[in-house]
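The structure under discussion appears below in the form of structure tokens.
Rule-based calculations on the coordinates, nothing more; no lab input. For clarity, every value in this text was computed on a predicted model and none was experimentally measured. Here Cβ is always computed from backbone atoms with ideal geometry, including for glycine, and neighbour counts include all displayed protein chains.
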Amino acid sequence: MDYRNLGRTGLKVSQLCLGSMQFGWTADEALSLQILESAYDSGINFIDTANIYSNWVEGNPGGVSESIIGKWMKRSKIPRPTMVIATKVRGRMGQAPNDEGLSRAHIMSAVEASLRRLDTDYIDLYQTHSYDENTPIEETLAALNDLVQQGKVRYIGCSNYPAWRLTEALWVSRLHNLVRYDSLQPRYNLVHRAEFERELAAVCRSYGLGVIPYSPLAAGFLTGKYRPDQMPESARRRRVQGYFSEANWALLEQMDQIGRLKGGASVSQIALAWLLSDPLITSPIIGPRSLEQLQDNLGAIGLSLEAGEKKTLDDATQWKD
């Protein structure tokens, strides 16, 4: 397993990041623990979670994914310095008025709860899950700065920020000498490119942010399991239907062809290899719901696309303003 720098930080992270949204949702605790163990044994040292995972499931109050990760590290006696643990704050975690958002009150309460669930003394990367238009960015960054000063957080990042809000945050950090965002977690994949490439990519490149794309397989569309004559039922079927188009069906066929030239690489491996071919990308976040899916995803590591192959995929998915 090769490792990359997380932006301008000193953190070395694996080329693939293990996402955990599925823990306690489409993967029960026993299976989640197996996935964590197998990923670690395969060289993955970077795990991404969030305090709200997976509170959209009936009976799941949130925090379940963090608790499973904490249980795994304690049970397996994983040396803490070998791991890079990332979690997030923003979403609602209770019924009180201040149980959501990016106010100082919520951040300070949420980080303590995440530390308890993860059973750790510090969080390597603490990310704001999305921007909070009701809280001044100065207040959010000052609170995060205090957490870094206290040693409870090592670095901070953000997710789902438009370019102007990310740039504003970077400027405020510089102006007030506060800790700054060192990573961005955007939705980015072969069939969802414009949101990141239009403006965010330039900001990340200029300011040296690590980029940790989520949904690199487009909610399962870029696994190739959906075809015009093949529509399996899944928990994410509703989300993936927006990708059903003649152009994207043709894209899957092109990915099949490239995969055959690569010795039988799967569609998902080609999709991940396309992201990893960009030096701006740090670690795409994979979310395997089975050990078989994990092994398939791991096959993207070391899979190189020729310049012509990458251009074929770029041309097939190019976007216009």
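Data table
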item: Principal axes of region 232-279: Cα extent on each, largest first, Å; result: 31, 23, 19
item: Residues ASP321 and ARG227, FRET efficiency given R0 of 35 Å [Cβ-Cβ distance, rounded to 0.05]; result: 0.70
item: Hull shadow area, averaged, region 78-149 [alpha-carbon convex hull, nm²]; result: 4.9
item: GNM flexibility winner over the chain from LEU18, LEU209, LEU261 (Cα, springs under 10 Å); result: LEU261
item: Computed Rg/Rh of region 123-175, alpha carbon atoms with Kirkwood Rh; result: 0.94
item: Angle between the chain longest axis and helix 104-118 axis [Cα atoms, degrees, rounded to 10]; result: 60
item: Rg/Rh (Cα only; Kirkwood hydrodynamic radius) as it applies to the chain; result: 0.95
item: ³J(HN,Hα) computed for each position of region 291-308 - Karplus, 6.51 cos²θ - 1.76 cosθ + 1.60, integer Hz, glycine/proline x; result: 5, 5, 5, 4, 4, 4, 4, 4, x, 6, 5, x, 8, 9, 8, 5, 4, x
item: Ordering of 284-296, 64-76 by packing [mean C-beta count within 10 Å, highest first]; result: 64-76, 284-296
item: Percent of beta bridges antiparallel (DSSP, the chain, rounded to nearest 5); result: 15
item: Part-to-part distance (alpha-carbon centres) for region 34-93 and region 242-321, which is given in Å; result: 26
item: ³J(HN,Hα), Karplus 6.51/-1.76/1.60, whole Hz, each residue of region 191-208, x for Gly, Pro; result: 9, 9, 9, 4, 4, 8, 6, 4, 9, 4, 4, 5, 5, 5, 5, 5, 9, x
item: For VAL84, distant residues with modelled amide H under 5 Å away; result: PHE46, ILE47
item: Pairs of alpha carbons in region 266-321 whose separation is greater than 12 Å (percent); result: 68
item: Amide H contacts under 5 Å for ILE123, placed H, 5+ residues apart; result: VAL153, ARG154
item: Against the rule of thumb 2.2 N^0.38 Å, how large the Cα Rg of region 231-315 comes out; result: 1.13
item: Sites matching chymotrypsin sites (Phe, Trp or Tyr not before Pro) across region 149-251 that sit in DSSP coil, with at most 13 neighbouring C-beta atoms within 10 Å; result: PHE244
item: 3J(HN,Hα) from dihedral phi, region 177-189, Karplus parametrisation 6.51/-1.76/1.60, rounded to Hz, x for glycine, proline; result: 6, 10, 4, 10, 5, 10, 8, 10, 10, x, 7, 7, 6
item: Long-range HN-HN contacts of ARG187 with modeled amide H, under 5 Å; result: ASN160, TYR214
item: For the chain, calculated [θ]222 nm from helices alone, where every DSSP H run of n ≥ 4 adds -39500 (n - 2.57); result: -12000 deg cm²/dmol
item: Charge dipole (debye, nearest 20) of region 144-220; +1 at Cβ of Lys and Arg, -1 at Cβ of Asp and Glu; result: 80
